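Taking it in order: structure first as structure tokens, then the write-up.
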Amino acid sequence: MKESYFIIDFDSTFTRVEALDALCEIVLEGSTVKEEVLRQIQAITDRGMEGVLDFRTSLEERLKLIRAHQSDISRLSERLKSEISESFIRNQPHLIACKENVFIVSNGFKDFIIPVIEDYGLLANKVFANEFTYDESGYVNGFNLANPLSSSGGKPRVISQLNLDGDVYVIGDGYNDFEIRKAGYANKFYLFTENIEREKVKAEADHIAPNVDEILFELNMSRALSYPKNRIKVLLLEGVHKDAVNLFEREGYQVEYLKTALAEEELVEKIADVNVLGIRSKTQVTGKVIQSAKRLINVGAFCIGTNQIDLEACSRHGVAVFNAPYSNTRSVVELAIAEIIMLVRNLPDKTRAMHEGRWQKSAQNSNELRGKKLGIVGYGNIGSQLSVLAEALGLEVYFYDIIDRLALGNAKKCSSLKELLNVSDIISLHIDGRPENNYYFGAKEFSEMKDGAIFLNLARGKVVEIKALRDAILSGKLKGCAIDVYPQEPKSNDEPFQSELMGLPNTILTPHIGGSTMEAQENIGNFVPNKVIQYINTGSTYGSVNLPQVQLPSFEKAHRLLHIHRNVPNVIAQINNILAKNNINIVGQYLKTNEEVGYMITDINREYSQELIDELKKIEATIWLRVLY
């Protein structure tokens, strides 16, 4: 079997910075010309790395701008030890394991490179770089001109002299790294973009690698991450808050962002290789969509409800679903309060009259809230918070819920929906959109309300029969209504809106904006991605609406195996038998089940083989097996 050799650049690859730039900052610390000199050095560096400027000229011009002492070089080495690129730090044990075959080949200088490399754990005799020359006072006065790395084309000459018998892989960020591959001394040139992207070099690369994980994964070698984060694809729909985009991109994921919802067939086509799907309330994630999503790990619902998602299909395929059950509660409640005040005062009609040039100053049909009875249908997060704010405004609060809920403040629980409807002056719906709630509120329920009552629906569009509501308004049974959700809604702001409720008296129609405040969307845009990222990074399902909830500790010096399976007997025994057969010691183990699915997390303390993973996957009840290093 052929040996594999790594040729690694130092500046902007092994370290996050260009060493001579950092040296300039040290030498010119406190100088008034520091920024200008740094700008000149950066410009020279870029021209050299892009192959525009001869390297020796580039080096000479940069050193002319810096008068460095040996003590400055020592300070530079210490600083560079803290500037090692993140993915090199993450994969330190894996690179040290093959250190005999790891070469640092740099146009920088051994004087500051070797202390950093030795501190990391690699070998000083594998470092090939330039060498400073010093005057009698210890100041840099030049460099060794006989060193091939002091001139253009130096890297290929050094590699040719090494006579490496095997596969050679170059990792670097500049054109001079590509020259090794161009000269025929390497199998592949990986353009390393974790710290900087040089557009002119991209066309020459065999593979663009945002980190070391990607390179080791592509070469099927031991690495810190089982799956490089840059390969995780995220599809965000319906214009979710840009904070979500930033969080996913900061984590290193590929993100595609669309402002609209997608129809089922469009989503089926789009989702084939997506790992994380983010939606709001309009996109329907059906069983067909989940069946088509072969790589899907997560669905993030950037809203409260999850009725638009086939949760059973997600569970069958091992897809974790997370939502934001509390993030927009306050926003919905504030809109409900505002609309109640407007309807009680008959403001929609008065406002319309003003726009039509009609002055209707009158107290007719205008009332105070104080003393009115508010009936809340559904006393969950939103209903209960509405209860508290409404009571503070002087409303007498009643509520009905199929679940036994604790009343807050002076709210009174009704034993039936009919009881609530009979007593309330205002009814506000806050129930979920499960199928059994379709057309929950119709002609019968409107008939049981008080004459002249007010009705609000900020819950789900399908829970109300629109024709029955229209009839109740036109007949005068209801004094007014406020509706924020509809059975059919436009997929985007570019599509027209149609409803039988348009033009009705004392009626407020809003475009599904109950949770659409900047504060709520920002909260959701941070909450949901953090849950998704936590699941991907640690396996924690805390907050998932479909998988068994397990809040996991972080793990070090261990490997984590995540096994999602059908909840049937004997799975744990099968997993542990396979581990025992492969002489694997268990560090920690966690299991949680629900009616359909079991979720088992096993931390092990030694390397495992692909054969072990294949055996675990072959357990008949297995839905999904994921490995975290």
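The values are calculated or read from the model by the stated rules, or taken from the named source; none is laboratory data. What you are looking at is a predicted structure, and each value in this text was computed from that prediction instead of being measured. Heads up, the Cβs are rebuilt from the backbone with ideal geometry, glycines too, and the neighbour counts pull from every protein chain shown.
Quick look at the numbers
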{"quantity": "Residue ranges of strands (runs of 3 or more DSSP E) in segment 424-514 with at least 1 members touching a strand residue (DSSP E or B) at 6+ places or on another chain (Cβ under 6 Å), in the same structural domain as residue 339 (by TED's automatic domain parsing) and charged (D, E, K, R)", "calculated": "478-483"}
{"quantity": "Candidates 205, 183 - the one that is in the same structural domain as residue 58 (by TED's automatic domain parsing), more than 18 Å from residue 254 (Cβ to Cβ) and surrounded by fewer than 23 Cβ atoms within 10 Å (Cβ to Cβ)", "calculated": "183"}
{"quantity": "Condition check for residue 114: among the β-branched types (Val, Ile, Thr) and under 28 Å from residue 60 (Cα atoms)", "calculated": "yes"}
{"quantity": "Single condition residue 524 does not satisfy, out of (1) under 24 Å from residue 230 (Cα atoms); (2) surrounded by fewer than 16 Cβ atoms within 10 Å (Cβ to Cβ); (3) among the β-branched types (Val, Ile, Thr)", "calculated": "(2)"}
{"quantity": "Set 44, 66: member being surrounded by 14 or more Cβ atoms within 10 Å (Cβ to Cβ) and either closer than 24 Å to residue 194 by Cα or touching a strand residue (DSSP E or B) at 6+ places or on another chain (Cβ under 6 Å) (or both)", "calculated": "44"}
{"quantity": "Segment 589-624, residues that are in contact with a Lys or Arg (Cβ under 9 Å, 6 or more places away or on another chain) and either outside the structural domain of residue 559 (by TED's automatic domain parsing) or loosely packed, with under 15 Cβ neighbours inside 10 Å (or both)", "calculated": "605, 620"}
{"quantity": "When residues of segment 527-537 are limited to those that are surrounded by fewer than 19 Cβ atoms within 10 Å (Cβ to Cβ) and either basic (Lys, Arg) or in contact (Cβ under 8 Å) with a residue 60 or more places away in the chain (or both), the one farthest from residue 329 (Cα to Cα)", "calculated": "537"}
{"quantity": "Subset tally (residues that are small (Gly, Ala, Ser), over 41 Å from the mean Cα position of the chain (by Cα) and under 18 Å from residue 486 (Cα atoms)) for segment 435-458", "calculated": "1"}
{"quantity": "Within segment 69-83, tally of residues that are surrounded by 18 or more Cβ atoms within 10 Å (Cβ to Cβ) and not in a helix (DSSP H, G or I)", "calculated": "0"}
{"quantity": "When residues of segment 266-299 are limited to those that are more than 15 Å from residue 239 (Cα to Cα) and of a type in the set (Ser, Thr, Tyr), the one surrounded by the fewest Cβ atoms within 10 Å (Cβ to Cβ)", "calculated": "286"}
{"quantity": "Condition check for residue 450: within 30 Å of residue 467 (Cβ to Cβ), surrounded by 15 or more Cβ atoms within 10 Å (Cβ to Cβ) and among the charged types (D, E, K, R)", "calculated": "yes"}
{"quantity": "Residue within segment 379-389 that is assigned by TED's automatic domain parsing to the domain that holds residue 474, more than 30 Å from residue 542 (Cβ to Cβ) and buried (at least 16 other Cβ atoms within 10 Å of the Cβ) present", "calculated": "no"}
{"quantity": "Residue in segment 312-334 that is more than 30 Å from residue 290 (Cβ to Cβ), crowded, with 23+ Cβ neighbours inside 10 Å, in contact with a Leu (Cβ under 6 Å, 6 or more places away or on another chain) and at pLDDT 95 or above present", "calculated": "yes"}
{"quantity": "Single residue of segment 262-281 satisfying the filter (over 20 Å from residue 532 (Cα atoms) and either among the hydroxyl-bearing types (Ser, Thr, Tyr) or assigned to a loop (DSSP other than H, G, I, E, B) (or both)) that is farthest from the chain's Cα centre (by Cα)", "calculated": "263"}
{"quantity": "Some residue of segment 325-340 being within 26 Å of residue 430 (Cα to Cα) and touching a Pro at 6+ places or on another chain (Cβ under 9 Å)", "calculated": "no"}
{"quantity": "Filter result for residue 492 (of a type in the set (S, T, N, Q) and in contact with a Ser or Thr (Cβ under 6 Å, 6 or more places away or on another chain))", "calculated": "yes"}
{"quantity": "Segment 88-135, subset hydroxyl-bearing (Ser, Thr, Tyr) and either part of a helix (DSSP H, G or I) or touching a helix residue (DSSP H, G or I) at 6+ places or on another chain (Cβ under 6 Å) (or both), residue farthest from residue 154 (Cα to Cα)", "calculated": "120"}
{"quantity": "Residues of segment 45-76 satisfying the condition of being more than 43 Å from the chain's Cα centre (by Cα), among the polar types (S, T, N, Q) and within 15 Å of residue 134 (Cα to Cα)", "calculated": "70, 71"}
{"quantity": "Neighbours by Cβ (under 8 Å, 6+ apart or cross-chain): first from segment 241-264, under 27 Å from residue 286 (Cα atoms) and not assigned by TED's automatic domain parsing to the domain that holds residue 195; second aromatic (Phe, Trp, Tyr) and in a loop (DSSP other than H, G, I, E, B)", "calculated": "241/302; 244/302"}
{"quantity": "Options 625, 591; residue that is assigned to a strand (DSSP E or B), modelled with pLDDT of 90 or more and touching a helix residue (DSSP H, G or I) at 6+ places or on another chain (Cβ under 6 Å)", "calculated": "625"}
{"quantity": "Helices (runs of 4 or more DSSP H) contained in segment 143-235 and holding at least 2 residues over 31 Å from the mean Cα position of the chain (by Cα)", "calculated": "154-162, 175-182"}
